[in-house]
Amino acid sequence: MNQPFQIRVEAAADHDAITALNDLAFGQSGEGKVVGLLRKAGALRVSLVAVSGSEIVGHLALSDMTHSKNPGLVLGLGPMSVLPSWQKKGVGSALVQASLERAKSEDAVAIICLGHPNFYPRFGFEPASKHSITGDYEVPDNVFMAHVFGAEQQLGLSGHVHYHEAFKEC
Ligand SMILES: CC(C)(COP(=O)(O)OP(=O)(O)OC[C@H]1O[C@@H](n2cnc3c(N)ncnc32)[C@H](O)[C@@H]1OP(=O)(O)O)[C@@H](O)C(=O)NCCC(=O)NCCS
């Protein structure tokens, strides 16, 4: 069966709708602001939207992170948002899948994610601690995750990662 939505890269005309979607999904304005700040700073590496007809029903951001040892491009996943009326219909999953492909084409070595431990492991995320990657947030081990691409797994991703400054708005 065809999906009732398509995934594509954001266009300039989508910016306001992306902010509104984040505000609605999160019930606050922090995440939408973060996306705008990342974009302005040139750190919004991948910004994907899920579209049904002319409506934006989902959004996912991948942004540049810094790593204490510069192993290559490390991206942070989030924020991700799906319109409440579209949740639990596969939009979030399709966005994550598409973001993995995009990250690969950007030659990312890893994606870091702070998120739900029942959701992200199905896309190959595992506790970042497995790769001795640490972050700035004090959260349970299974919530701070990494998806590591290819041979970099052996190249030593161990180190400390920082989300972009824009995330202080959250
Ligand atoms: C989290 C979110 C993006 C998932 O999108 P979605 O389109 O509903 O996801 P899918 O339909 O592909 O998958 C649904 C699955 O995600 C799980 N899930 C994902 N994130 C979750 C979270 N934060 N809390 C609880 N469950 C979550 C659901 O339990 C469900 O699991 P199941 O397949 O075993 O039933 C969406 O619910 C949302 O926008 N939530 C509000 C904003 C948010 O919390 N964003 C994530 C943090 S950046």
(message) Need the C-alpha centroid separation for region 20-82 versus region 96-122, integer Å.
(response) 13 Å
(request) Check cross-link reach from K40 to the lysines: straight Cα distance under 26 Å, and skip same-chain residues fewer than eight apart. (result) K69, K104, K168
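For every other residue with a beta carbon closer than 13 angstrom to the beta carbon of F26, add +1 if it is Lys or Arg and -1 if Asp or Glu, then tell me the sum.
Numbers: positive: K33; negative: D23, E31, E169.
Once all neighbours under 13 Å are counted, the net charge is -2.
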(message) Need the list of aspartates and glutamates near K89 for cross-linking: C-alpha distance under 13 angstrom, and skip anything on the same chain fewer than eight residues off.
(response) none
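Give the order of S47, S99 when sorted by the count of other beta carbons within 10 angstrom, beginning with the fewest.
On the way: S47 21, S99 26.
Going from sparsest to densest Cβ surroundings: S47, S99.
Compactness ratio of the chain: Cα Rg over 2.2 N^0.38 Å, N = residue count? Walk me through the numbers before you get to the answer.
Working: Rg = 15.3 Å, N = 170, 2.2 N^0.38 = 15.5 Å.
Taking the Cα Rg and dividing by 2.2 N^0.38 Å, one obtains 0.99.
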(request) Kindly work out what percent of the DSSP beta bridges joining two residues of the chain are antiparallel, to the nearest 5. (result) 80 percent
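Rule-based calculations on the coordinates, nothing more; no lab input. Not measured: the values here are computed from a predicted model. Counting neighbours? That spans all protein chains shown, and the Cβs are built from the backbone with ideal geometry, glycine included.
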